[in-house]
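Following: one structure in C-alpha cells, then a few remarks.
Please treat every number below as a calculation from the coordinates, not as lab data. Treat the numbers as computed from the prediction; the structure is a model and nothing was measured. Backbone-built Cβ (ideal geometry, glycine too); neighbour counts: all protein chains shown.
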Amino acid sequence: MSGRLFQHLVEIAPIVFPNELRMADGKCDLLWASIEARYDRATLDAEVSELILMHLMEMEDMAADMTDRLRFTFYAYHENRIRQLCALPPQLSDRASQHLAEVVSDLLERASSRGHRTSSTIGRTQIPRQET
C-alpha cells in the first residue's frame, strides 16, 4: 500500500481489510502493523520467486528485470483497483487503467495455462543426487 493510499486508510480499511480491521478492534495503527506484516511476507515470497527464476533462466540480470517489471505492473494494478473499489480519485486515465487491466488479465491467463510446461520446469529444478 503506497504512502498516498495510507492517507486514505480510514476509507480503505472497511472495504479492503474488513477482517483485519475487526481483529484490530478498529484501531488503524494495529491494522497498519498487520498490513506491514503482510507486505514483509509478500516481499520474502517475491525474493524467493526471483531466486528461483534466476536459477531457471541462468541470466540474473534478465530475471531481476522481469520480476521488477512484474512487481511494478501488479503494484500499479492493485493500487488502481483499490482506488476504484473505495471511490478514491484515480491516478490513471481510463485508457491507462483499461490497458493495465488487460495486461494483468493476459498475465493471469498465461500463468493459469502453464500446466503442460510444468513438467519440463520441474525437471530443470531437480537437484541431481550425488553418489556416495
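The table below gives the values:
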| quantity | calculated |
| --- | --- |
| Modelled FRET efficiency - R0 25 Å, Glu58 with Ser113, Cβ distances, 0.05 increments | 0.55 |
| Within-13-Å neighbourhood charge of Arg69 [Cβ basis; K, R +1; D, E -1] | -3 |
| Local electrostatic count at Leu51 - Lys and Arg +1, Asp and Glu -1, tallied over other residues with Cβ under 12 Å | -4 |
| In sequence order, calculated HN-Hα J values of the range 19-33 (Karplus, 6.51, -1.76, 1.60; Hz; x Gly/Pro) | 5, 5, 5, 5, 5, 7, 6, x, 8, 5, 5, 5, 4, 4, 4 |
| For the range 1-40: rounded, prolate or oblate by the Cα gyration tensor [a/c cutoff 1.5] | oblate |
| Whether the range 3-112 is rounded, prolate or oblate, judged on the alpha carbon gyration tensor where a/c under 1.5 counts as rounded | oblate |
| 13 Å beta-carbon shell around Glu20, net charge (K/R +1, D/E -1) | 0 |
| Computed lengthening from Val48 to Gln91, 0.36 nm per intervening residue step minus Cα-Cα distance | 12.4 nm |
| In nm, spacing of pseudo-spin labels at Val103 and Arg41 (7 Å Cα→C-beta vector) | 2.8 |
| Relative contact order for the range 3-112, counting Cα pairs under 8 Å that sit 6 or more residues apart, in percent | 22 |
